Amino acid sequence: MASGEDRLTEYDALSYTWGTEDKTETILCNGVELPITANLFQALRMLRPSAKERRYLWVDAICINQADESEKSDQVWNMLHIYQTARKVMAWLG
């Protein structure tokens with residue numbers, strides 16, 4: 001991120017069980033189709049805000065490149081800070 005203005009000051013974080021690793025569902029994220037697990041798909045549907053609301057949600061499978069082992073390793077160290085500074089942290093068990 002180039003500057004402090006690029007950073008969100010208020011977001012929610014989602015902690016969830018991955019379930020199977022099979023990515024059987026697809027969502028549209030910033031105009032890009034993103035394959036996700038069925039359990040995450042269910043969580044996102046339940047947490048979807050109404051059309052008049054806006055919610056910023058941090059989700060590891062979306063915010064961390066899961067195909068890049070180096071990035072995943074680096075980001076694990078940031079997760080404590082991510083959860084501590086979230087407006088709220090939600091848990092989804094499926």
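The values are calculated or read from the model by the stated rules, or taken from the named source; none is laboratory data. Remember, predicted model here, so these are calculated numbers, not experimental data. So basically every Cβ, Gly included, is an ideal-geometry build from the backbone, and we count neighbours across all protein chains shown. Quick note on the areas: whole protein, heavy atoms, side chains included, nothing else; ligands and nucleic acids left out. Shrake-Rupley method; radii C 1.70, N 1.55, O 1.52, S 1.80 Å.
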Problem set entry | Qualifying positions in the range 64-90 - open to solvent by 80 Å² or more (accessible area, probe 1.4 Å) and in a strand (DSSP E or B) | 88
Exercise. Does residue 61 count as open to solvent by less than 90 Å² (accessible area, probe 1.4 Å), touching a residue at least 24 places away in the same chain (Cβ under 8 Å) and assigned to a strand (DSSP E or B)?
Worked result: no
Problem set entry | Cβ pairs under 7 Å, 6+ apart, first in the range 32-57 and on the phi < 0 side of the Ramachandran plot, second of a type in the set (Gly, Ala, Ser) and assigned to a helix (DSSP H, G or I) | 36/61; 40/61
Seminar exercise, completed: Checked the range 19-51 for anything small (Gly, Ala, Ser) and within 20 Å of residue 93 (Cα to Cα); matches are 19, 38, 43
Problem set entry | Hey, residue 55 in contact with a strand residue (DSSP E or B) (Cβ under 8 Å, 6 or more places away or on another chain), open to solvent by 60 Å² or more (accessible area, probe 1.4 Å) and modelled with pLDDT under 90 or not | yes
For this session: Would you be able to tell me the number of residues in the range 1-40 that are modelled with pLDDT of 85 or more, closer than 24 Å to residue 85 by Cα and either in a strand (DSSP E or B) or open to solvent by less than 100 Å² (accessible area, probe 1.4 Å) (or both)?
Result: 8
